[in-house]
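This report concerns only the one structure given below.
The values are calculated or read from the model by the stated rules, or taken from the named source; none is laboratory data. All values reported here derive from a predicted model rather than from experimental measurement. Please note: Cβ atoms are built from the backbone with ideal geometry, for glycine as well, and neighbour counts cover all protein chains shown. Only protein heavy atoms, including side chains, enter the accessible area calculation; ligands, DNA and RNA are left aside. Shrake-Rupley method; radii C 1.70, N 1.55, O 1.52, S 1.80 Å.
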Amino acid sequence: MDPIRFAGIGSGLDLESMTRQLLQAERAAPELRLNREEKQIEDEASAFNSLSSVVSSLTAQASALAEQIGQPSRSVDVPDEAPFSVTASNTATTGRFSVETEALATAQKLRSAAFDPAADIGTGTLTFSLAGDSFDIEVLAGKGTPDEIAAAVNNAENNPGIRATVINGASGDQIVFSSDATGAANTITVSASGGDGGLDALTYAGDGINDSLTQIAAASDARIRVDGVEITSATNQFSNVIDGIDIDIARAEPGTSLDVAVRRDDNATADALQRFVDAYNDTRRVIDQQTRYNAETGNAGPLLGDSAVRSLSSAMRGALNIVESGEISVLSQVGIQTDSDGRISFDRAAFNEAMATDADGVAALLGQSGLSGRIDGAVSGYSGDNGLLTARGDALDQRLERIEEDRLALDRRMEQYEQRLRSQFTALDSIVAQLQQDGQFLLQQLGLPRQQ
């Protein structure tokens, strides 16, 4: 809470008002200067942040374009009615091949006989194994109903993937044991030991002799044929069937062979080039906005005349001046044109024609040794944590910190100035009050009326 002040109470002068006015007059000029400087720095910092963001995007799109040009994506043509899907990485060899889906992968299922749902099946130890990984459950007296045994299996901490389900049938409860994993190698075995022997009703060795459980679904691999060559997989996913090509099957259609075509994806390359063009134009737009000058109003962008921005703009224009040897030698042949504002446009039809004519020439013009590499080299020094634009932004942040320090220093100076004013006005108040008192005394001695 501000202290209550009574300056001028002795003299009758409005010293509080005089103090406030003098303080305001003293603070006005330096505070106005700090406000203007802070606004200018904030405008510059915002401009540099905007420019740094679009330059980073341009660098990223140039790198993406170089990667796409160097190792183009692949498109895959699969018949609409195909029971499978195909994905191809950019390392996949282009060409055609046939696919036949002979069988889906299945998981093994074993079913028990029917049991009284309220009675124990037996006591002892059940040992379950899935593809060689085993775990035990102990079945105690009074804890061996179908539901309790199923729960014990499902809750076992080291269970490798066997699930137990109780089906409430007309003849009683039957337990179905199933594997989470498909494939011929993921078979289940169950053995019993100790106890009263009742758990023997849940054993399965898979030999057809010691099998109390009934196999209702066998563990089997998925099978396909690629150009007549049989390939198996524990799942319905086939990885790297041909280098860089994966196949996922949804259903089996043995005897039906369908053709698949893997092609160079020119649309993906065109999309990458369009994104690069957009990023380049975004950068030019921000440069133009931040360096503009309105002759009518005298308003100027915060980065007008900045040497770093001029250098960046010049480097971007220079990177477009490419002439390669060969049939595809200049950017206009691949659909890239430059307008009077320094922006570029992209004609996809011209690009597609150039790709059909000389794909290698297009790659040389646009790839790492051409446009994308030149742009990356021209602007990479301006973006990123160690880039020039970031450094300029950091310097502006430091200037803002100094302005805050200057504000604190101004507050301290004003506090000291106020103290001096109040000290001086207190003395003045006392002197004026004394003079007024002496004047009244003289008037009284002279017999003159007292002045109010």
Completion exercise
Heavy-atom accessible area of the chain with neighbours in place, 1.4 angstrom probe: carbon+sulfur share in percent works out to 46
Fill in the blank from the handout: Correct semi-axes for the chain, from √(5λ) of the alpha-carbon gyration tensor and rounded to whole Å with the largest first, are 82, 48, 15
Problem - Options Leu199, Ser171, Ile188, ranked by Cα towards positive dipole end of region 146-271, top entry (Cβ charges) - result: Ser171
Exercise for the section: Please work out the FRET efficiency for the pair Gln274 and Asn90, using the Cβ-Cβ distance as r and a Förster radius of 22 Å; give the result to the nearest 0.05. Expected result: 0.75
Problem - Point-charge dipole on Cβ atoms (K/R +1, D/E -1) for region 215-346, about Cα centre, debye to 20 - result: 440
Completion exercise
With +1 on the Cβ of every Lys and Arg and -1 on the Cβ of every Asp and Glu, the dipole magnitude of region 18-161 about its Cα centre, in debye rounded to the nearest 20, is 620
Completion exercise
For the chain, the longest principal axis of the Cα atoms and the Cα long axis of helix 307-319 enclose an angle in degrees, to the nearest 10, of 40
Fill in the blank from the handout: Checked region 330-388 against the a/c 1.5 cut and the a/b vs b/c comparison, axes a ≥ b ≥ c from its Cα gyration tensor; verdict oblate
Practice task
Mind grabbing the accessible area of Glu415 for me, 1.4 Å probe, Å², rounded to tens?
Solution key: 110
Completion exercise
Note on region 89-188: C-alpha Rg/Rh, Kirkwood Rh, two decimals, gives 1.21
Completion exercise
The ³J(HN,Hα) series, computed from each phi in region 338-355 with the Karplus coefficients 6.51, -1.76 and 1.60 at θ = phi - 60°, rounded to the nearest Hz and given as x for glycine or proline, is 10, 9, 5, 8, x, 7, 10, 10, 10, 9, 5, 5, 5, 5, 4, 5, 5, 5
Handout entry: Relative contact order (%) - criterion: Cα under 8 Å, at least six apart; region: the chain
Key = 24
Practice task
Treat every Asp and Glu Cβ in the chain as -1 and every Lys and Arg Cβ as +1, leave all other atoms uncharged, and give the resulting dipole magnitude about the Cα centre to the nearest 20 debye.
Solution key: 2220
Handout entry: Sequence-separation-based contact order of region 1-135, relative, with Cα cut under 8 Å and 6+ spacing, percent
Key = 9
Completion exercise
Neighbours of Arg36 by Cβ distance under 14 Å: Lys/Arg at +1, Asp/Glu at -1, summed charge -3
Exercise for the section: Set the Förster radius R0 to 22 Å, insert the Cβ-Cβ distance between Arg292 and Glu37 as r into 1/(1 + (r/R0)^6), and round the FRET efficiency to 0.05. Expected result: 0.50
Practice task
For Glu401, tell me the accessible area in Å² from a 1.4 Å probe, rounded to the nearest 10.
Solution key: 120
Exercise for the section: Output the relative contact order of region 145-192, whole-number percent, from Cα pairs under 8 angstrom with separation of 6+ residues. Expected result: 28
